[in-house]
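Reviewing the structure listed below.
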Amino acid sequence: MQSNVRSQGWIGDTPARSDGPAKVAGTARYIADIAFPNAIDASVVRSHVPRGRILGIDFDPNFDWSDVTIITAKDVPCNEIAEIECDQPALADDQVRHVYEPIVLLACEDKTKLQRAVQRVHVRIEQLPALLNVDDSLACNPLVLGKDNVMCSYRVVLGDAKAEIERAEVVVRGMYEVGHQEQMYIEPQGCVAYWDDAGLHVVGSMQCPYYVEKALAHALRLERSRIDVTQSVTGGAFGGKEEYPSVVAVHVALLSKKAGRPVRMIYERQEDVQATTKRHPARVTVEAGCDRDGTLRGIAVDILMDAGAYVTMTPVVLSRGVLHACGAYRWPTALVQSKAVITNTPPNGAFRGFGAPQTIFAVERHMDRMAEAIGMEPMAFRQKNLLGIGATMPTGQVLNGSVGVQECVQRALEKSDYLRKKSTLGKANSPAGATKVRGVGASVFLHGAGFTGSGEDRLKGAVELDLLKDGHVRVRSSSTDMGQGTETVFRQIAAQAAGVPFENVSVATPSTAHVPDSGPTVASRTVMIVGSIVESAAKELGERVRNEQQQHGGSFAEASNRLLEREGTVVVHRRYAHPAGVKFDDATYTGTAYPAYAWACDIAEVEVDLDTFEIDVVGFWSAVDVGRAIHPVLCRGQLDGGALQSIGWALCEEVQWKDGHILNPRMTTYIVPTALDAPPFMTDLVEEPYTFGPGGAKGIGELPMDGGAPALAAAIEHATGIAFNRIPMTPERLFDAWNESQRERR
Amino acid sequence: MEYDIEVTVNDVRYKARIPASFTLLQLLRDVLHLTGTKEGCGIGECGACSVVFNGELVNACLVLGVEANGATLRTIEGEAKGEQLSDLQRSFIKHHAAQCGFCTPAMILTAGDLLRRIPTPTDEQIIEGIAGNLCRCTGYEAIVDAIREVARDAKGGAK
């Protein structure tokens, strides 16, 4: 009877991904590939100054505007993009607050004419003094927000860290800086809107259809029942399509309403790099004390993030940064302070890791400095102080299970042969005059899965599972697949829990008219949080069919058909609730910050060319505690891909600014890693199950973004003796630092 | 100014009238509705629009549509033989070399071009061969695995 169900189960198996055949055949339909009859194209007129007062908008009288649809701020029913706050206008009205801010929307059937039309709109702006960086903002030069330009601020206190640091035998201070990072998904942003009797329809490349629905309802003053938002096949996102598609969607919806026909907006690459959100740059100051035997005493961290011009996701990015700032270690006392300040640069937003890569870079570099100060090998120093079961974290959270970090460190050290390489490679072991030097470096880190603090409790994400004919099951959820494999792993989870073959489970296209709000597809929450309710709903659905089987006989398929005939529809609805005991106090920042953490150890080996100062990553080892790999190959795909993004951020990705403009808005000037830049990845999965994850799984989507940069910095330091506290570590910067170090030696 | 052109794509002859300014990418996507070829940048930087033009791999966004007059092209739509996916397509599925999939059609054509030129490439040659095609999802590891396996199997079959 169970012949169709594999005895070992679908969880842990590696079925081909659901969307594989369409993707390799070129038949997967991304937003730019879908034909919308009668659709016209749209474009945006943007600000060219970082801050100013809009005096007027002139439409060239010598241009034929008769077939151009025009929208300005006064055409927007409620001129706000509803995200965490509603501070960002859909279109700038009286003021512009950053370069590239949208001011006028245009749509036209003739695409070439559309391009010309954009040039014929002249926005008269009186330029005002602008905050071009965080230092301007801190100096309130000028003051543009509240009494101090601070957008938000959080604080975590465990004991009296300042006093404990003062009493420590060794105290180390350091400052660490990281820059913007562009998501650079290969498919640019894009949405199409059209209206019919049912209301407004938006289709597009996005992570979070319900975020888009909320923004549309707010800006167009529409009832949610009149809006349907559907995700098209999405060509990568990495956080970049978390909140930003709300802007694109509102723009096309406004244009489509006025034009009376479908409107399509697909961003040009340059526009996408310029106007859309990026990773928040951060400056992190750390002061920490330990004893000579390596015992940690206390840590004080001060985080400063650049929010850009509007709030977007900044409060939660900063919060996640705060909660990861002390790393994977047992600190008896800790004080983390933080703020994000406003600047007149494009708003920064979600990007894989979401604040954690910024602070983990700082704390990991700092651990290296402390190890150096007491003369301990950096990994020995870390191993002495790793968190484990029963340990208390800075928010007072006591770890009660699924902490595989010690195993991760041991495996990574072994597989990479770190200790031998540490003593045989490196600057100290290189012959004088060597033109190529090698080094190894490591990092240890964690990433909390799910929304921060009480977020999941407020959100109460939902899924619905339908019983279909012949015992098939359909999962309806707003969790999107943007490449990571959501659809495939949901099928595996549901198949295993319902006791049906993988082939008999399907996943509905995320469309707000047809799927419940499972919460956004962010925060490493899809498998662990949404997957857990898919699992329990599938279990119930399977049980209902089996009860019917027990009572009236027949196969699973026959019992399903009888149930459907009798009841019409058979649907199991599930809402997420945190496991008992998971509580967080937002006011005091104490309690369980995340229900579970994924853990990892990265080890990088580099070869530095002392003639060209190129940095070649020759090997990258990663051991990762994922709880349980639902699909080990897809899981590795997330870990390798995320690691390469962190390598890019560490070595070559840098947004260059001048007067609030981006100087390198292209793929040949903002450099992301090519195949030639990618090291061989030796990725090892450690499985310390999390009780409440499906099959024991934890969220791991963001984790690999956290550890690459500090591991590379340590490896470059081992190879060259140069300790970078700032990324990216480009050949130019290494060249300068090397020359300086040579001068000092003389 | 508009021009009449004739082009053979995946063994099918098409006639079209296009403006002189149209790129080959616009011809394929907007006129012939062959949307498997993707636009990631439009200026020859990402490689997502790679197609085979008279036997040579090109970025379709850097070739003018009128230059394709009389040319023979191969796009991803011509990779499978009917329902039968090619070895590369099957290997990409098997190794999970497609995540978001946006770079995948061009990556497969690029890999095919590589294997035509170098039937048994080393890993270095595979990496060099796909270096003009950006992928932001996979870290390239699975893509290299997928191509390597096709090359190895072809080598085995030739014995």
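Exactly one residue out of A:Gly642, A:Gly693 is crowded, with 24+ Cβ neighbours inside 10 Å, closer than 30 Å to A:Val582 by Cα and away from every other protein chain (no Cβ under 13 Å), and it is A:Gly693.
State all residues of region B:52-92 that are on the phi < 0 side of the Ramachandran plot and among the small types (Gly, Ala, Ser); if no residue qualifies, say none. Once the filter is applied, which keeps residues that are on the phi < 0 side of the Ramachandran plot and among the small types (Gly, Ala, Ser), region B:52-92 yields B:Ala60, B:Gly65, B:Ala68, B:Ala71, B:Gly78, B:Ala80, B:Ser86, B:Ser91. A:Asp706 meets each of the listed conditions (1) buried (at least 22 other Cβ atoms within 10 Å of the Cβ); (2) within 17 Å of A:Ile647 (Cβ to Cβ); (3) out of contact with any helix residue (DSSP H, G or I) (no Cβ under 6 Å at 6 or more places or on another chain) apart from (3). Checking region A:608-618 against the condition returns no match, with no residue being assigned by TED's automatic domain parsing to the domain that holds A:Gly439, touching a Ser or Thr at 6+ places or on another chain (Cβ under 7 Å), assigned to a loop (DSSP other than H, G, I, E, B) and at positive phi.
Under the condition of being under 19 Å from A:Ile103 (Cβ atoms) and over 30 Å from the mean Cα position of the chain (by Cα), the residues counted in region A:117-144 number 12.
Among the residues of region A:497-529, which ones are assigned to a helix (DSSP H, G or I), polar (S, T, N, Q) and within 21 Å of A:Gly240 (Cα to Cα)? So that I can check it myself, show each step before the final result.
If we filter region A:497-529 for residues that are assigned to a helix (DSSP H, G or I), which is where we start, we get A:497-498, A:502-504, A:526-529.
Then keep just the ones that are polar (S, T, N, Q); that gives A:504, A:526.
Once the filter is applied, which keeps residues that are assigned to a helix (DSSP H, G or I), polar (S, T, N, Q) and within 21 Å of A:Gly240 (Cα to Cα), region A:497-529 yields only A:Thr526.
When we screen A:Asp64, A:Asp93 for residues that are in contact with a strand residue (DSSP E or B) (Cβ under 9 Å, 6 or more places away or on another chain), surrounded by fewer than 20 Cβ atoms within 10 Å (Cβ to Cβ) and in the same structural domain as A:Tyr244 (by TED's automatic domain parsing), the only hit is A:Asp93.
What number of residues within region A:272-297 satisfy the criterion of being at positive phi and either part of a strand (DSSP E or B) or in contact with a Gly (Cβ under 7 Å, 6 or more places away or on another chain) (or both)? Total meeting the criteria: 0. The combined condition, being under 18 Å from the mean Cα position of the chain (by Cα) and closer than 23 Å to A:Val618 by Cα, is not fulfilled by B:Arg117. Selection of strands (runs of 3 or more DSSP E) fully inside region A:46-132 by the criterion of at least 1 residues being within 16 Å of A:Pro346 (Cβ to Cβ), modelled with pLDDT of 95 or more and among the aliphatic types (A, V, I, L, M) returns A:102-108.
Restricted to region B:14-50, and to residues there that are under 23 Å from A:Tyr267 (Cβ atoms) and among the β-branched types (Val, Ile, Thr), the residue that is farthest from the chain's Cα centre (by Cα) is B:Val31.
Taking region A:23-40 as the region of interest, how many residues are more than 8 Å from every other protein chain (Cβ to nearest Cβ) and surrounded by fewer than 21 Cβ atoms within 10 Å (Cβ to Cβ)?
Within region A:23-40, the subset more than 8 Å from every other protein chain (Cβ to nearest Cβ) is A:31, A:34, A:36-40.
This time we only want the ones that are surrounded by fewer than 21 Cβ atoms within 10 Å (Cβ to Cβ), so: A:34, A:36-39.
Of the residues in that region, 5 qualify.
Would you be able to tell me the number of residues in region A:168-186 that are touching a helix residue (DSSP H, G or I) at 6+ places or on another chain (Cβ under 8 Å) and closer than 30 Å to B:Ser50 by Cβ? Summing the residues that are touching a helix residue (DSSP H, G or I) at 6+ places or on another chain (Cβ under 8 Å) and closer than 30 Å to B:Ser50 by Cβ in region A:168-186 gives 3.
For (1) within 30 Å of A:Ser555 (Cα to Cα); (2) part of a helix (DSSP H, G or I), each residue gets a yes or a no:
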{"position": "A:Glu407", "(1), (2)": "no, yes"}
{"position": "A:Arg411", "(1), (2)": "no, yes"}
{"position": "A:Ser423", "(1), (2)": "no, yes"}
{"position": "A:Gly433", "(1), (2)": "no, no"}
{"position": "A:Ser443", "(1), (2)": "no, no"}
{"position": "A:His447", "(1), (2)": "no, no"}
{"position": "A:Arg458", "(1), (2)": "no, yes"}
{"position": "A:Asp466", "(1), (2)": "yes, no"}
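Criterion applied to A:Gln406, A:Gln410 was being in contact with a Gly (Cβ under 7 Å, 6 or more places away or on another chain) and surrounded by fewer than 22 Cβ atoms within 10 Å (Cβ to Cβ), and the one residue passing it is A:Gln406. From the list A:Gly236, A:Gly174, A:Gly190, A:Gly204, which residue is surrounded by fewer than 19 Cβ atoms within 10 Å (Cβ to Cβ) and closer than 30 Å to A:Gly648 by Cβ? Of A:Gly236, A:Gly174, A:Gly190, A:Gly204, the one residue that is surrounded by fewer than 19 Cβ atoms within 10 Å (Cβ to Cβ) and closer than 30 Å to A:Gly648 by Cβ is A:Gly174. One residue stands out among those in region B:73-93 that are in contact (Cβ under 8 Å) with a residue 40 or more places away in the chain and facing chain A (nearest Cβ under 7 Å): the one that is surrounded by the fewest Cβ atoms within 10 Å (Cβ to Cβ), which is B:Glu77. For region A:208-225, the criterion of being surrounded by fewer than 24 Cβ atoms within 10 Å (Cβ to Cβ) and within 30 Å of A:Trp657 (Cα to Cα) is met by no residue.
The conditions of being more than 21 Å from A:Val76 (Cβ to Cβ) and acidic (Asp, Glu) are not met by A:Asp228.
Please verify whether region B:31-39 includes one or more residues that are polar (S, T, N, Q), in a loop (DSSP other than H, G, I, E, B), closer than 17 Å to A:Thr27 by Cβ and free of Cβ contacts under 8 Å to residues at least 12 places away in the same chain. Working first, answer last.
Initial filter on region B:31-39 (polar (S, T, N, Q)): B:35, B:37.
With the extra rule that they be in a loop (DSSP other than H, G, I, E, B), the set shrinks to B:35, B:37.
Okay, now just the ones that are also closer than 17 Å to A:Thr27 by Cβ, so B:35, B:37.
With free of Cβ contacts under 8 Å to residues at least 12 places away in the same chain added as a condition, the list becomes B:35.
The answer is yes; a qualifying residue exists.
Applying the set (1) touching a Phe, Trp or Tyr at 6+ places or on another chain (Cβ under 8 Å); (2) within 14 Å of chain A (Cβ to nearest Cβ); (3) touching a residue at least 40 places away in the same chain (Cβ under 8 Å) to B:Asn69 leaves exactly one unmet item: (2).
Taking the stated definitions as given, is B:Asn54 surrounded by fewer than 19 Cβ atoms within 10 Å (Cβ to Cβ) and within 14 Å of the chain's Cα centre (by Cα)? Break it down into steps so the answer makes sense when it comes.
Details: surrounded by fewer than 19 Cβ atoms within 10 Å (Cβ to Cβ): yes; within 14 Å of the chain's Cα centre (by Cα): yes.
For B:Asn54, the condition - surrounded by fewer than 19 Cβ atoms within 10 Å (Cβ to Cβ) and within 14 Å of the chain's Cα centre (by Cα) - is met.
The combined condition, being in the same structural domain as B:Thr23 (by TED's automatic domain parsing), within 19 Å of A:Thr668 (Cβ to Cβ), surrounded by fewer than 20 Cβ atoms within 10 Å (Cβ to Cβ) and out of contact with any Lys or Arg (no Cβ under 6 Å at 6 or more places or on another chain), is fulfilled by B:Leu62.
Please go through region A:652-680 and pick out each residue that is outside any loop (DSSP other than H, G, I, E, B), within 14 Å of chain B (Cβ to nearest Cβ) and touching a residue at least 24 places away in the same chain (Cβ under 8 Å).
Hit for region A:652-680 is A:Asp677, nothing else.
The values are calculated or read from the model by the stated rules, or taken from the named source; none is laboratory data. What you see is a predicted model, and the numbers here were worked out from it, not measured in a lab. No Cβ is skipped: glycine too gets one built from the backbone with ideal geometry, and neighbour counts run over all protein chains shown.
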